[in-house]
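The values are calculated or read from the model by the stated rules, or taken from the named source; none is laboratory data. These numbers come from a predicted model, not from an experiment. Please note: Cβ atoms are built from the backbone with ideal geometry, for glycine as well, and neighbour counts cover all protein chains shown. Note: areas computed on protein heavy atoms with side chains; ligands, DNA, RNA excluded. Shrake-Rupley method; radii C 1.70, N 1.55, O 1.52, S 1.80 Å.
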Amino acid sequence: MPRIPGGEITPEKLIVIGEVARDFGLYTKITGGQRIDLFGARVEQLPLIWTRLVDAGFESGHAYGKSLRTVKSCVGQSWCRYGVQDSVRMAIDLELRYRGLRSPHKLKSAVSGCARECAEAQSKDFGIIATANGWNLYVGGNGGATPRHADLLAQDLSDAELVRLIDRFLMFYIRTADRLERTSVWLERIPGGLDHIRDVVVHDSLGICEELESLMTAHVANYRDEWTETINDPEKLARFVSFVNAPDTPDPVVGFVPERDQIKPDLPLLTIGHRPLEGSAQR
Ligand code: SF4
């Protein structure tokens, strides 16, 4: 899945996604995070698909990682009469800053251009809502099986204050949360909860904010696109085969059948591939 920062994309790039999907016979769907799923690629096709997308200016969207997924946005003051800030620009800036950031669990974000909240920022790990004076920052929101509205961490922030607070918040979370612990669970688990987090990241009660900021600065400076690195590395490219001892043989249990003018996995075929060995215990 290619990154589409802030959910904003040019017609030219949309056409490239469509052409790649058509040429490789992929299933396409618009996601809730304002990007485009491309499903149904065989492992040996991935480098070819990534090369086409990278050549057109795309990069990995990290849909596979415990890392930042998307920063979605509403159209904001450029196109909406209610907008009080440029929510798209802020969403793009934040997505490009935190892309590739590995974390205890996936990270989702959104930016709304006014209190009407069309981007649903309060359901995100860190969500931003524009005000007449700047930005309100919410943290610890979550959708999923246990929905949780985010808590207001700070209000009426300037652009620079907002980014600095998010830098600190994310690094504090990354450094103290358990593996696979979303921000919503972490925020309710740690002693002192939201008040403690606010003390640490807003008032620097532990004296660690400089360190948290420098960690984020290092992340931003060292970011590399993993698709580009892979297609330029022969050693990594050699892994994109179904069988290491038969690199030209595609996996026979990966197949597709038609549905609504696209494809879907051929599940009976997949089941054959996962049939337990005779005599093995069933669970
Ligand atoms: S959140 Fe506000 S600015 Fe954004 S689209 Fe909705 S009404 Fe418009």
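Details
- C-alpha long axis of helix 159-176 to longest principal axis of the chain, angle in °: 60 degrees
- In degrees, nearest ten, helix 11-24 long axis to first principal axis of the chain (Cα): 30 degrees
- Global dimensions of the stretch 1-114 from alpha-carbon coordinates: Rg and Dmax equal 14.8, 48 Å.
- Ranked by how many other beta carbons lie within 10 Å on average, peptides 138-151, 57-70, 211-224, 98-111 from highest: 98-111, 57-70, 138-151, 211-224
- Net charge contributed by nearby residues that have their C-beta within less than 13 Å of Leu137 (K/R +1, D/E -1): -2
- Where no second cysteine Cβ lies under 4.7 Å, the cysteines concerned in the chain: Cys80, Cys114, Cys209
- Cα centroids of the stretch 153-167 and the stretch 29-74: 29 Å apart.
- Sequentially through the stretch 142-154, phi angles give Karplus couplings (6.51, -1.76, 1.60; θ = phi - 60°) of 7, x, x, 5, 10, x, 8, 6, 5, 9, 6, 8, 7 Hz, Gly and Pro residues having no value and appearing as x.
- Probe 1.4 Å, protein heavy atoms only - accessible area per residue of the chain in square angstrom: 54 Å²
- Helix 209-222 axis, angle to the chain major axis (alpha carbon atoms, nearest 10°): 30 degrees
- Antiparallel bridge percentage (DSSP; both residues within the stretch 66-223; nearest 5): 60 percent
- Dipole axis of the stretch 35-173 (+1 Lys, Arg; -1 Asp, Glu on Cβ), positive-most option in Ile128, Gly140, His105: His105
- Near Ala238, once Lys and Arg are set to +1 and Asp and Glu to -1 for all other residues with Cβ below 15 Å from its Cβ, the sum equals -3.
- Shown here: the chain, whose C-alpha atoms stretch 59, 48, 36 Å along the first, second and third principal axes, sorted largest to smallest.
- Antiparallel content of DSSP bridges confined to the chain, in %, to 5: 70 percent
- Apolar share of the accessible surface for the chain: 53 percent from carbon plus sulfur atoms, 1.4 Å probe.
- Residue-count net charge about Asp225 - beta-carbon cut-off 14 Å; Lys, Arg +1, Asp, Glu -1: -2
- Of the three principal axes defined by the Cα atoms of the stretch 66-223, the extents in descending order read 42, 35, 28 Å.
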